[in-house]
Amino acid sequence: MTSQDKDTLWYTRCPVPTPVGLAAQLGLLERAFADKGVALKSIIDSKDRAVRQSHFNHTLKWSFRHGGNVPPIRARSEGRDTRLIGITWTDEYQALISLPDSGIATAADLKGRRFGLPRHPQEEVFVVDFWRATALKGLEAALTLGGLGRDDVETVDIAFPQGILASAEGDRFGLQRRIPYGPEIAALHRGEVDAIFVKGAQGLAVANLIGAREIVAFGFHPDPEIRINSGSPRLLTVDAALLDERPDIAATLVQTIRAAGDWAEAHPDDTRRFVARESGATEEQVAAAHGPDLARNLGLSLAPELIRAVGSYKDFLLRNGFLAADFSVEDWVDTRAWDAA
C-alpha cells in the first residue's frame, strides 16, 4: 500500500439507523479526519464495481464498515483480516405477516403452512444472501414463540429476478434504492406462500400498504435471543492494516462515532429526521418502527452482552450454511481503538 493510499480512508454504511450514518450527515466524520490529513471516500458511491463490492465482502484495504452483521461475519469466516471494534443495538420492527384472509392469526397457526424465503442470484449477493439469512432467523424466532419447530412449516424459495440489485437499473423511477419486499408480496398475492418476514421502517410501511395481518411481531421482545437478527446488533469493523498501522485513526473513528451517539441522545427529534433520511422512510415510519428510545440506542459499545449476541448470530449463520468456516468472535474483537480513545 502506498503512502498516497493512506491519505484516503474508505468507509461504508448500510441505509439503516447507525451512529456512523449520523456522524456522516452531521459532518463529524469529515471534519475529524480532515484534521488528520485523511480524506474520506464512500465505498457505495464509487463508480468502480470492485470497490462497491467491498460493502459486502470487506476486501478493500484502509477501510471501515458499519451496518448489518451478516456480510462482515461471513467475510471473517472466509479469513478476511478485519477487526470488530464496536457494536450498536438499535431495536427495530420485525414481524411475520400474511394476507388478511390467510386464516393465520398467531405464530402457532403457522403449523403446516408455507413460509416464503427470498433467494437472490448468487452472482448478485457478492458474499452471502443476507436477505435469506434475515428471513430465516425471523422464521426461527416466530416458531419459537409459537411453540413450533422448523419441520412444522414448509419453506418455499422466492426467487429474485436477475438484475434486481443492479445499481443503474432504469425502473426505480428516480429513487436511489428499490423499496424492499416486492417479490415476497407478489408471492403472497399469487398464493405461492402463506407468510413472509419483514423488518424495519420499510417493512412496516409495506405491511401497512397491503393491509397485512401481523401474525407475530418480536422486534421489541424482552428476550434478546428472539430479537437477534442481521440488524440487531450492527457491527463496526475495520481493515486490520488500518488498526495496526494507524491506531490513532481508529481511535478518532471510535471517538467520533461515540460523539454522534451522544448528540443523538440530546436531539431525539433531529435524530429521527436524520434516520428517516438515511433509511429512505418517513419520520412517522421511523418512529413506529424503532420506538421512542431510538435516540438513546445509537451508542457504540463492546459490552460483553453485545459480543455474546454477535456470537449467537454467528452460530445461527454457521448452523444454516451461511458461513465458510467457524471462528471465534472473542478473538475477532479488538479493543485497541477503545483503549486509545
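Structure notes:
- The listed peptides 283-291, 233-241, ordered by packing as a protection proxy, come out as 233-241, 283-291 (highest mean of other Cβ atoms within 10 Å first).
- For the residue pairs LYS61/LYS314; LYS36/LYS314; LYS41/LYS199, alpha carbon separations beyond 27 Å are given by LYS36/LYS314; LYS41/LYS199.
- Listed peptides 318-326, 333-341 appear in the order 333-341, 318-326 once ranked by packing, highest mean of other Cβ atoms within 10 Å at the front.
- Computed from the Cα positions only, the extents of segment 71-118 along the three principal axes stand at 49, 24, 16 Å, in decreasing order.
- Helical segments meeting 15 Å axial Cα length and Kyte-Doolittle 0.0 threshold in the chain (DSSP H): 130-145, 247-266, 304-319
- When HIS120, HIS267 are arranged by Cβ crowding within 10 Å, least crowded first, meaning fewest neighbours, the order is HIS267, HIS120.
- Highest to lowest packing among 129-142, 50-63, scored as the average C-beta count within 10 Å: 129-142, 50-63
- What you get for segment 94-227, charging only the Cβ of Lys and Arg (+1) and of Asp and Glu (-1), is a dipole of about 260 debye around the Cα centre.
- Restricting segment 192-268 to GluC sites (Glu not before Pro) that sit in a DSSP loop and have at most 15 other Cβ atoms within 10 Å of their own Cβ leaves GLU192.
- Here is how the number arises for the chain: DSSP H runs of 4 or more residues each give -39500 (n - 2.57), the sum is divided by the residue count, and the result at 222 nm is -11500 deg cm²/dmol.
- A Förster distance of 30 Å, applied to the separation of the beta-carbon atoms of ASP331 and ASN208, puts the FRET efficiency at 0.10.
- Note on GLU283/ASP157: beta-carbon distance plugged into 1/(1 + (r/R0)^6) with R0 of 35 Å gives a FRET efficiency of 0.50.
- The percentage of C-alpha pairs in segment 94-227 whose separation is greater than 22 Å is 36%.
Any read-out appearing in this document is the output of simple, stated calculations on the displayed coordinates, not a laboratory observation. Source: prediction; values computed, not measured. Note that each Cβ is placed from the backbone with ideal geometry, even for glycine, and that neighbours are counted across all protein chains shown.
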